[in-house]
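Participant: This structure is in structure tokens; I'll ask about it shortly.
Just so you know, all these numbers are worked out from the coordinates, no wet-lab data involved. Just so it is clear, the model here is predicted, and its values are computed rather than measured. Don't worry about glycine lacking a Cβ; one is built from the backbone with ideal geometry, like all the others, and counts go over all protein chains shown.
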Amino acid sequence: MKLNGPFNQVKLSRRSFLLLGGISGYGALMAYALGPKEEVVWQALYRSWTEGWTPKSASPLKDIEAVLEHIREDKRAELSLAFKLLTFAPTCFYLTGYFFPWKDPYKVSKIIQKWQYSERMEQKKIYAGVAAIINSSFYGRVESYQDIGYPGAPSFSLNEGAL
Amino acid sequence: MKIYSLLKDREQSFFQKSDHGFDFVIVGSGAGGGLSAFLLSQYGHKVLLLEHGPFVKTADLSQDEAKAYPLLYQEAAARKTSDGAITILQGRSLGGSTTVNWTSSFRTPKTTLKFWQDEFGLKDLREDSLAPYFEVCEKLLNIKPWDISPNENNEVLARGLKRAGLKAELISRNVLDCQNLGLCGLGCPTGAKQSSLQALLRKAPNVTIVTDAFAHSFSLSEKKKVKELTLYPRGKKSGQWRIPIKELIVSGGAINSAALLLRSKSPDPYKNLGKRTFLHPVVLTGAHFKESIDPYYGAPQVIYSDAFMSEDPRELGFKIEVPPIHPLLLASVLPFGSDQHRELMSLISKTNAMIALQRDGFHPESQGGEVRVDGQGRVHLDYDTSEYMQRGFRKALRVMGRLQFAAGAKEVLAIHRHAKKCQNLSDFEKEVENLSMQAHDLTVVSAHVMGGCAMSLKPEDGVVKEDGSHHHLENLSVFDGSLFPTSIGTNPMLSVYALVHKLCEEKFGKG
Ligand SMILES: Cc1cc2nc3c(=O)[nH]c(=O)nc-3n(C[C@H](O)[C@H](O)[C@H](O)COP(=O)(O)OP(=O)(O)OC[C@H]3O[C@@H](n4cnc5c(N)ncnc54)[C@H](O)[C@@H]3O)c2cc1C
Ligand code: SF4
């Protein structure tokens, strides 16, 4: 399927979606900066995912960029493609059921639910990728420990002669 | 031992020399590469050991998961099968996976060795012929049964097994003066874990190590010999370094070793390279208890059960253990959305998890995956879970739920996209019966990657000979977990060590 409009260079092929599978997980290379439209989507998903727990000090976008920096280049490109699709109304509708839902927390939480239970491979894979990035950016933060009741690493001493 | 970094020390005179006269160049510093370097230096050879990942001093290891995973794991612990369905944990720092592994130490099951003899003709790999090598490796790595009380996470498994009339077996560990912290997966911060770095490389004076060095490919001479190896600094596409080769030992671990040979277009007339790559695919159940479990503290794996490993490896079989649980690790395996995810995370201190690792490579419907490299040289693993394997997943979930309820769990949850918490065994069994066992629905992970450069008697059946040397290249040997023609059927570290010790001694040892 070829799209018209600002993203007419983007081929929405089954393969592109299938490739998205590779992004899920916590994944290493160059500095990465999100585009303004991607930022809106990430911010909305992050807030919904960590609702009630988002620490005041949180800078979700910085944390998400830090995680994206560690993802293999090809997989990051696939994720970036997915986010282009989520910021372009027709493809966003195809993937979420809404044209531009990202300012409405209720719709965002519905989208997450829909993705979790979806039987469509592209939605399953975007869900897995988004979940992995947000989980890594949030639960990788010491600040999240208090919310979940993890007391932190135990104390220890260095054994003699350890390299 | 001298350590350089190709990333940081590129300007040093060491890298300007065209030939250092190394007798052996080894790619990879994990179980296979670390032991090979140690032995070859003892035999008096001049050895160069190359490692893709960094050297992280024990004192510099971070207990923060967000820092540890990108530093110590392949693809920052986000390596996946090409369809994204199975997460693969593999180490990538000096010491390889032995730096981050959970220290469970088992000899190769005799049923596995028997299968190799019967099916692949590997007559030299017998319990008696390998026994002396297991003994030496157990000494070198200080492998002993764990004699401190298990943590509560392991205690749940012990209790569940006992109440189900099964035996709780004790795991041996490769540690020295262990402080029972439970941080093994983030790299042991005390130096107690006897990784290949702490137990072997530290004591190998004739070895020069270059870290942050990615072995991209090698060139071949007309005489079917490896001529030169090309490396890049980690994460870079420039700054190439070439090293002439007398004898090359490939120990990059499964997936990576096959990828190096594929990128180098090494001869593979029968198209065996990268095939039969195994994972011991793991499925999980979580259980909540009234009392605290604190699954993040204490030696991670000390109790196991092989009650569900049938004697005949062609039949379904899985080993049951528990994994350590840390926040990010837990968050990444839970396939649930916002509210449900937060609720489960907030119960971390009362959570027990069990894992069932399924042996693969024995049954006709379980022939492993295939490693590929793309035009950019990036590696991919295609691995499908067959209906046969899915039957094993379902059975394993049922068994683990039963053990958790028997141990007193309040509720049990299959780690599956559609699963709900169940308050009793009969609801749990009904639920498991109805869940799809397809990857992507069910969370499937692997920390045991094996095969891809299988040993075989004849070139038609594998990549290397029974002595580890390449079927078609004179001066190349593969010494790591990618040699196995099937999965091991138990945690594989000690099998890699013992097999590599035997091959290295027989091929390159004195007398
Ligand atoms: C989290 C975790 C827990 C585990 N727990 C256990 C356990 O409790 N018990 C057990 O028996 N097993 C365990 N294992 C598995 C065990 O550690 C491995 O099976 C074993 O270390 C494999 O040895 P290897 O030599 O084949 O590869 P590895 O130990 O993985 O070493 C390969 C090394 O080669 C390097 N390398 C790869 N390609 C290149 C290249 N092209 N250029 C330069 N360097 C390269 C890699 O960076 C890596 O450091 C665990 C593994 C993990 C990841
Ligand atoms: S339990 Fe702690 S001290 Fe022991 S090996 Fe693991 S991390 Fe090191």
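Participant: Please get the size of the charge dipole for the range A:33-145, origin at its Cα centre, with Cβ charges of +1 on Lys and Arg and -1 on Asp and Glu, quoted in debye to the nearest 20.
Facilitator: The calculation lands at about 260 debye.
Participant: Order these by the 10 Å Cβ neighbour count, fewest first: B:His418, B:His341.
Facilitator: B:His418, B:His341
Participant: Starting from the exponent 0.38 and prefactor 2.2 Å, build the expected Rg for the range B:377-486 from its residue count and divide its actual Cα Rg by it.
Facilitator: 1.55
Participant: Starting from the Cα of A:Ser155, step 7 Å toward the Cβ, then list every residue of the range B:47-72 with an amide N under 17 Å from that point.
Facilitator: Counting backbone N atoms under 17 Å from the label point, the list is B:63.
Participant: Here's a follow-up. Extending each Cα 7 Å along its Cβ direction at B:Lys430 and B:Lys265, get the distance between those two points in nm, one decimal.
Facilitator: Distance between label points: 6.2 nm.
Participant: Please find the FRET efficiency linking B:Asp467 to B:Glu365, where r is the Cβ-Cβ separation and R0 is fixed at 45 Å, and quote it to the nearest 0.05.
Facilitator: After rounding, the FRET efficiency stands at 0.90.
Participant: Which one of B:Val449, B:Tyr388, B:Cys422 is farthest out on the positive end of the charge dipole of the range B:384-460, using unit charges on Cβ (Lys, Arg +1; Asp, Glu -1) and the Cα centre as origin?
Facilitator: So the residue furthest toward the plus end is B:Cys422.
Participant: Let me ask something else about it. Sort all Cα-Cα distances of the protein assembly as shown into consecutive 20 angstrom bins from zero, then give the percent of pairs in each bin up to the one containing the longest distance.
Facilitator: Percent of Cα pairs in each bin: 19, 54, 26, 1.
Participant: Give the residues of the range B:79-115 whose amide nitrogen is closer than 16 Å to a point set 7 Å from the Cα of B:Lys8 in the direction of its Cβ.
Facilitator: B:93-95
Participant: If you don't mind, there's one more thing I want to ask. Please check which bits of the range B:1-21 a label hung off A:Leu163 would reach, taking the label as a point 7 Å along Cα-to-C-beta and the cut-off as backbone N under 17 Å.
Facilitator: B:1-6
Participant: I need the peptides B:130-143, B:69-82 ranked by packing, meaning the mean over residues of other C-beta atoms within 10 angstrom, with the highest value on top.
Facilitator: Most protected by this proxy first, the peptides run B:69-82, B:130-143.
Participant: Please work out whether chain B counts as rounded, prolate or oblate from its C-alpha gyration tensor, where a ≥ b ≥ c are the square roots of the eigenvalues and a/c under 1.5 means rounded, while otherwise a/b larger than b/c means prolate and anything else oblate?
Facilitator: The shape class here is prolate.
Participant: Next up: Which of B:Lys224/B:Lys458; B:Lys144/B:Lys502; B:Lys167/B:Lys502 have a Cα-Cα distance over 25 Å?
Facilitator: Exceeds cut-off: B:Lys167/B:Lys502.
Participant: Computed over the Cα atoms of the range B:286-426, what is the convex hull's projected area averaged over all directions, in nm²?
Facilitator: Projected area, direction-averaged: 10.9 nm².
Participant: Here's another thing I want to ask about it. Work out the charge dipole of chain B with +1 on the Cβ of Lys and Arg and -1 on the Cβ of Asp and Glu about the Cα centre, then indicate which of B:Val136, B:Tyr73, B:Pro205 is farthest towards its positive end.
Facilitator: The residue sitting farthest along the positive end of the dipole is B:Pro205.
Participant: Using Cβ counts within 10 Å as a stand-in for footprinting exposure, how do B:Thr486, B:Thr285 rank, fewest first?
Facilitator: Final ranking by Cβ density, sparse to dense: B:Thr486, B:Thr285.
Participant: Would you mind checking A:Lys103/B:Lys237; A:Lys75/A:Lys114; B:Lys2/B:Lys236 for any pair whose Cα atoms are more than 31 angstrom apart?
Facilitator: A:Lys103/B:Lys237
Participant: Starting from a Cα-only point model with no solvent, please compute log10 I(q)/I(0) by Debye for the range A:33-145 at q = 0.15 1/Å.
Facilitator: Here the Debye-derived log intensity ratios amount to -0.62.
Participant: At 7 Å along the Cα-to-beta-carbon direction for both B:Ser386 and B:Ser238, put a label point, then send me their distance in nm to one decimal.
Facilitator: Going from the B:Ser386 label point to the B:Ser238 one covers 4.9 nm.
Participant: What aspartates and glutamates does B:Lys139 reach when the alpha-carbon gap must be under 20 Å and sequence neighbours fewer than 8 apart in one chain are set aside?
Facilitator: Answer for B:Lys139, where 20 Å is the Cα cut-off: A:Glu160, B:Glu127, B:Asp128, B:Asp147, B:Asp177, B:Asp480, B:Glu505, B:Glu506, listed by chain and number.
Participant: Label the range B:1-134 by shape, choosing from rounded, prolate and oblate, from the square roots a ≥ b ≥ c of the eigenvalues of the Cα gyration tensor; if a/c is under 1.5 it is rounded, and otherwise prolate applies when a/b is larger than b/c, oblate when it is not.
Facilitator: oblate
Participant: Would you mind computing, in nm to one decimal, how far apart the modelled labels at B:Ser221 and B:Gln340 are, each placed 7 Å from Cα along Cα→Cβ?
Facilitator: In this crude spin-label approximation the distance works out to 6.2 nm.
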